[in-house]
Amino acid sequence: MSAPRKQTLGVCYYPEHWPEERWPVDAALMAKAGISHVRIGEFAWSRLEPEPGKLDFGWLDRAFETLHAHGLCVVLGTPTATPPKWLVDTMPDMLAVDTNGRPRGFGSRRHYCFSYEGYRQACARIVTLLAKRYGRHEALAAWQTDNEYGCHDTVLSYSDAARRAFRDWLGQKYQSPDALNRAWGNVFWSMEYRSFEEIELPNLTVTEPNPSHAMDFRRFSSDQVCSFNRLQTEIIRAHSPGVGIAHNFMGRYVDFDHYKLSADLDIASWDTYPIGFLDRDTDDTENKRRYLGVGDPDNQALHHDLYRACGQMRNGDENGRWWVMEQQPGPVNWAPWNPSPFPGAVRLWAWEAFAAGAEVVSYFRWRQPSFAQEQMHEALLLPNAEPNEAYHACMQVSAELTQIGAVAAPGRADVALVFDYESAWAWQVQPQGRDFDYFDLVLRFYRALRQHGVSVDVIPPTPQAVGQRKLVVVPGLFTADTALAEALLDSGAAVLMGPRTGSKSADFQIAEGLPPGPLRTLIDMKVRRVESLPPFVDVPLQGGGRFEGWREFLVPGEGVETVRVSADGHAAQLKAGRAHYLGGRPDRELAKIVIGEVLAQAGVATLDLHPDIRVRDNGLVRFVFNYGPETVDVGALLGGHNALFGESPIEPCGVLAFDLREMV
């Protein structure tokens with residue numbers, strides 16, 4: 001457990017949207033609400049440079065000074081997500097190209113291709129100017145590079161610049177066309193290449209492209225995002241030493257490797273919109289109805305743990321830095337339907353983040369605009385500048401932060417859940433079933449862990465991350481190498497592998513000797529067949545629970561126990577010592593049962609929780625959250641401990657925190 005770290009509130013502010021005489025009023029109201037960090041500047045390139053080479057930093061200077069005068073810290077965003085029209089006109093080939101070969105035009109944001117060298121040079125110039133001017137300003141607390149890399153499907157660009165860069169990337173990886181042909185299996189359908197210059201991008205093909213080709217294009221595209229980000233971080237560090245650098249990732253977004261990009265960041269952050277996400281998290285109508293105004297009880301929490309892991313990438317610090325850069329304060333404008341938060345939800349979201357170790361929870365945004373694309377997106381202030389409901393929630397959370405004091409960042413958890421970006425790409429490239437979704441699969445296992453009241457570390461599939469655990473859960477891992485298999489074997493932890501784990505080689509070929517490939521050293525078994533099933537068909541198991549949409553036909557080897565059998569008589573779960581393999585996508589009932597069994601085998605203590613209650617331990621403080629619409633008695637959890645705030649019974653969207661050391 002690390003030393004306590006100050007936790008505080010922030011807000012995203014756009015001074016360029018409002019009259020300058022309003023800025024001091026806003027700054028005073030921010031300070032009154034307990035806000036300490038203010039993000040500015042990330043969409044302001046056209047105001048910073050209204051014409052080529054004609055710079056206007058005066059307004060940003062004054063914004064810095066106004067915020068600083070009110071005791072506020074500045075998070076400065078680089079404006080590269082919104083290149084101005086004059087820049088696009090000077091280099092029209094900088095635009096990304098979609099999968100149908102159409103340029104992504106000017107008129108909103110993120111209208112650039114990560115591979116276009118001219119745009120990279122333009123970004124380096126504006127970032128250098130900003131870093132030199134503000135890098136040592138005493139109000140500057142952190143940087144944010146760009147904004148939401150890849151939003152609006154902009155990682156994969158099929159431009160001429162991307163094709164040239166992809167060929168170079170392939171040449172560096174494979175060194176010879178023969179090596180590439182073997183890795184991709186290009187003897188199939190007469191697709192063999194004589195040179196790297198013959199290779200095109202994997203779009204506009206008559207039918208699906210070679211999955212190995214598509215997978216390498218995903219890897220290349222991810223690397224382009226990482227190198228684009230690194231271009232900015234290197235400039236910032238040269239001129240702004242010691243100031244943390246963040247990027248704001250998104251929810252349920254996997255188009256580039258966030259672990260790899262985070263190795264160049266000091267702070268991982270993400271933008272959390274629990275109600276906005278709910279509609280795309282699940283097709284379960286009852287789940288959506290029950291949690292309409294608060295969001296899925298486990299989706300936001302999974303992202304907190306994922307981005308906490310990203311925050312550890314740069315220095316290998318188990319308690320690496322992570323923030324919420326944008327927190328939903330009211331109805332958003334971009335979901336199919338945009339309901340209001342339930343009373344108490346905005347407060348609950350903040351405390352779920354702080355309990356997971358967030359340093360800053362920053363609301364998006366300060367004032368609801370009366371113009372342009374986001375005018376229907378609520379904020380802490382209404383369009384007429386009156387405080388909105390979330391402003392008062394912000395004040396309450398600020399007071400409670402003062403009351404509870406600094407909270408330690410969570411230490412290394414006994415339970416780890418492997419999350420892998422390449423696996424997400426692989427199952428998009430070759431889903432084998434229309435509704436197979438890697439993130440959904442991971443969330444099913446994570447949800448079951450939370451339902452048992454255990455704290456979880458989300459980890460990458462590396463040997464270093466799996467050590468010192470009691471249980472490691474590995475659902476749907478695309479490929480596993482020998483080093484990971486040996487680390488899991490040597491760790492002493494119980495291991496639960498989920499469907500599709502170890503089923504492919506790194507070159508996207510069926511694992512040698514059949515799945516789960518190298519992980520057969522943990523459990524002697526083979527997967528001889530898989531099937532995907534439509535939503536109106538499932539696979540019931542003897543003793544309860546079902547596989548939904550995906551199941552595998554397992555062949556146990558010597559010394560392997562068949563733990564579960566399908567109703568039609570096929571092995572569904574195998575076990576050998578500490579290793580388990582579950583051969584299908586579990587429904588909620590089955591996931592909870594299986595997770596409960598492996599937790600018991602691993603010696604991990606669990607809690608008997610109401611279905612709407614979630615618990616997170618942070619150091620010696622336990623946080624209890626009620627995501628449901630009814631009041632719940634949690635006195636058994638509280639026991640004789642002193643509540644730091646909150647009480648039992650816990651009301652809908654209520655939060656209870658108590659010190660595990662203190663007794664009444």
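The values are calculated or read from the model by the stated rules, or taken from the named source; none is laboratory data. Computed from a predicted structure; not experimentally measured. Methodologically, a virtual Cβ is constructed for each residue, glycine included, from the backbone with ideal geometry; neighbour enumeration extends over all protein chains shown.
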Scanning the stretch 199-214 for residues that are within 32 Å of the chain's Cα centre (by Cα), part of a loop (DSSP other than H, G, I, E, B) and not polar (S, T, N, Q), the one nearest to R102 (Cα to Cα) turns out to be L204
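Which of the following residues is among the basic types (K, R), farther than 20 Å from A480 by Cα and buried (at least 19 other Cβ atoms within 10 Å of the Cβ): R447, R412?
Values: R412 fails: buried (at least 19 other Cβ atoms within 10 Å of the Cβ).
Of the residues listed, the single one that is among the basic types (K, R), farther than 20 Å from A480 by Cα and buried (at least 19 other Cβ atoms within 10 Å of the Cβ) is R447.
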Can you name the residue in the stretch 81-109 that is of a type in the set (D, E, K, R) and either crowded, with 20+ Cβ neighbours inside 10 Å or more than 17 Å from A372 (Cα to Cα) (or both) and is also farthest from the chain's Cα centre (by Cα) among such residues? D89
Odd one out for L484 among (1) under 15 Å from Y259 (Cβ atoms); (2) surrounded by fewer than 24 Cβ atoms within 10 Å (Cβ to Cβ); (3) touching a residue at least 40 places away in the same chain (Cβ under 8 Å); (4) of a type outside the set (S, T, N, Q): (3)
Residue check: is K288 modelled with pLDDT of 95 or more, in a helix (DSSP H, G or I) and among the basic types (K, R)? no
Can you pull out the residues in the stretch 324-370 that are among the aromatic types (F, W, Y) and at pLDDT below 95? W334, W337
Residue check for E561: more than 30 Å from W351 (Cβ to Cβ), free of Cβ contacts under 8 Å to residues at least 24 places away in the same chain and not aliphatic (A, V, I, L, M): yes
Residues being under 15 Å from I459 (Cα atoms) and in contact (Cβ under 8 Å) with a residue 60 or more places away in the chain: count how many of those fall in the stretch 262-312. 7
How about the stretch 45-162: which helices (runs of 4 or more DSSP H) wholly inside it have at least 1 residues that are over 23 Å from N248 (Cβ atoms) and β-branched (V, I, T)? 58-69, 85-90
Specify which of the listed residues (S36, S46) is under 22 Å from S370 (Cβ atoms) and surrounded by fewer than 21 Cβ atoms within 10 Å (Cβ to Cβ). S46
In the stretch 136-156, anything on the phi > 0 side of the Ramachandran plot and acidic (D, E) is listed as D146, E148, D153
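Here's the yes/no breakdown for (1) exposed (fewer than 14 other Cβ atoms within 10 Å of the Cβ); (2) in contact (Cβ under 8 Å) with a residue 24 or more places away in the chain; (3) under 29 Å from the mean Cα position of the chain (by Cα); (4) over 30 Å from E51 (Cβ atoms):
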| position | (1), (2), (3), (4) |
| --- | --- |
| L130 | no, yes, yes, no |
| Y134 | no, yes, no, no |
| H137 | no, yes, no, no |
| Q144 | no, yes, yes, no |
| T154 | no, yes, yes, no |
| F166 | no, yes, yes, yes |
| Q172 | yes, no, no, yes |
| V187 | yes, no, no, yes |
| E197 | yes, yes, no, yes |
Considering only the stretch 371-408, state which residues are in contact with a strand residue (DSSP E or B) (Cβ under 9 Å, 6 or more places away or on another chain), assigned to a loop (DSSP other than H, G, I, E, B) and of a type in the set (G, A, S). A379, A385, G405, A406
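Name the residue, out of G476, G517, that is surrounded by 17 or more Cβ atoms within 10 Å (Cβ to Cβ), under 26 Å from the mean Cα position of the chain (by Cα) and not aliphatic (A, V, I, L, M). Show your work before the answer.
On the way: G517 fails: under 26 Å from the mean Cα position of the chain (by Cα).
None of the others qualify; the one that does is G476.
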Scan the stretch 572-626 for residues that are within 17 Å of P297 (Cβ to Cβ) and of a type in the set (K, R) and report the count. 5
Residue check: is T501 touching a helix residue (DSSP H, G or I) at 6+ places or on another chain (Cβ under 6 Å), more than 25 Å from F354 (Cα to Cα) and of a type in the set (S, T, N, Q)? no
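Residue-by-condition table, conditions (1) touching a helix residue (DSSP H, G or I) at 6+ places or on another chain (Cβ under 7 Å); (2) modelled with pLDDT under 95; (3) within 22 Å of G433 (Cβ to Cβ); (4) outside any strand (DSSP E or B):
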site: R528; (1), (2), (3), (4): no, no, yes, no
site: P540; (1), (2), (3), (4): no, no, yes, no
site: L554; (1), (2), (3), (4): no, no, yes, no
site: A572; (1), (2), (3), (4): no, no, yes, no
site: R585; (1), (2), (3), (4): yes, no, yes, no
site: T606; (1), (2), (3), (4): yes, no, no, yes
site: P611; (1), (2), (3), (4): no, no, no, yes
site: R614; (1), (2), (3), (4): yes, no, no, no
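Taking into account only those residues within the stretch 224-261 that are of a type in the set (K, R) and touching a residue at least 12 places away in the same chain (Cβ under 8 Å), which is farthest from L129 (Cα to Cα)? Walk me through how you get there before you give the answer.
Looking only at the stretch 224-261, we keep the residues that are of a type in the set (K, R), and these are 230, 237, 252, 260.
Pick out the ones that are also touching a residue at least 12 places away in the same chain (Cβ under 8 Å) and you get 230, 252, 260.
Working: R230: 17, R252: 34, K260: 27 Å.
The residue in question is R252.
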Y291 fails exactly one of (1) under 17 Å from the mean Cα position of the chain (by Cα); (2) crowded, with 21+ Cβ neighbours inside 10 Å, namely (1)
